[in-house]
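One structure is given below, encoded as structure tokens.
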Amino acid sequence: MLILARKTDEKILIGEDIKITIIEIHGDQVKIGIEAPKNVKVFRQEVFNAIQKENQAAAAGTETLDTLSRLLKR
Amino acid sequence: MDVRTKTKGIINVNDDHIITIPDGLFGFENFKKYALFDSEYEPLTWMQSIDEQDLAFLVIDPFLICDDYELDIDDSRLASIGVKTPADVYVIAIVTVPSDGGPVTANLQGPLIINKKNRKCMQSILSDSRWTTKYDILAALAKREAIC
């Protein structure tokens, strides 16, 4: 893991085509610009985690059909 | 081919209903092949892992439950499953049925994109904040019935 310090407007280059710019630092919040090829997946970590968690919650349990039949009974 | 399913024993699924997810689903990266077949509850469909009998998901056509659903996915990512035109694409959303009786929801933020021509599939993560992982299906259907 590389750990380094950057100031506002300074950049980090990852490989040849991914550029990260520190746009603004305000208290405990940092605004970051990311320039990357369109095929590179860039996600907020928590969004990625949410999708992963939802997939795991969606894997059907043995009670899934019982629950559904109860809900759909009119 | 014969598929061992979680809920219906062994059933025969036509090859054109077998999909391959080269990268797997997020959190289930090791499972690449699934069979799609009708569930007991229309319009829900089962997506059953071929490799693991115990792993199955319910999925739904998101456009059936959400009129204004739309998704914008980068062409180069779509090209990774061989999609050339929008007509190649079939979209499904994974459904969650909470065991605690909470609302049945569809994950509209992480839809599955299927190339109808080669049946390759990928899970996409949408950055559009309108779509969440927990879209209430029954509430949406009730609203639709009220309008019709």
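The values are calculated or read from the model by the stated rules, or taken from the named source; none is laboratory data. No experiment lies behind these values; they were computed from the predicted model shown. Neighbour counts run over all protein chains shown; Cβ positions are idealised from the backbone, glycine included. The accessibility values were calculated without ligands, DNA or RNA, using every heavy atom of the protein model including side chains. Shrake-Rupley method; radii C 1.70, N 1.55, O 1.52, S 1.80 Å.
Overview of results
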read-out	value
Surface per residue (accessible, 1.4 Å probe) for chain B, Å²	50
Segment A:1-60, Rg to Rh (Cα coordinates; Rh as Kirkwood inverse mean 1/r)	1.10
Pairwise Cα inverse-distance average, inverted: Kirkwood Rh of segment B:68-148 (Å)	14.0
Value of relative contact order over segment B:105-148, rounded to a whole percent, pairs C-alpha under 8 Å and six or more apart	45
Exposed-site-free run, longest, chain A (rule: GluC sites (Glu not before Pro); DSSP loop; at most 15 other C-beta within 10 Å)	A:17-62
Shielding of B:95-106 by partner chains, average beta-carbon count, 10 Å	4
Fraction of accessible area attributable to carbon and sulfur, segment A:13-67 (%, probe 1.4 Å)	51
Within 10 Å of each Cβ in A:61-70, the average number of Cβ atoms from other chains	5
Under the Karplus curve 6.51 cos²θ - 1.76 cosθ + 1.60, θ = phi - 60°, whole-Hz ³J(HN,Hα) for segment B:112-118, x wherever Gly or Pro sits	9, 10, 10, 8, 4, 6, 10
Cross-link partners of A:Lys41 among lysines (Cα-Cα below 21 Å; sequence separation of 8 or more within a chain)	A:Lys11, A:Lys19, A:Lys31, A:Lys53, B:Lys32, B:Lys84, B:Lys120
Complex-versus-alone comparison for segment B:19-50, residues with a loss of 20 Å² or more in accessible area, probe 1.4 Å	B:Phe26, B:Gly27, B:Phe28, B:Tyr41, B:Trp46
Coordinate range along principal axes, alpha carbons of the protein assembly as shown, Å, largest first	60, 38, 34
Cα pair distances exceeding 26 angstrom across chain B, given as percent	24
Theoretical ellipticity at 222 nm over chain A - DSSP helices of four or more residues, -39500 (n - 2.57) apiece, nearest 500	-9500 deg cm²/dmol
Estimated buried accessible area (total), pair B and A, 1.4 Å, Å² to nearest 100	2700
Carbon plus sulfur fraction of accessible area for segment B:16-148, probe 1.4 Å, in percent	52
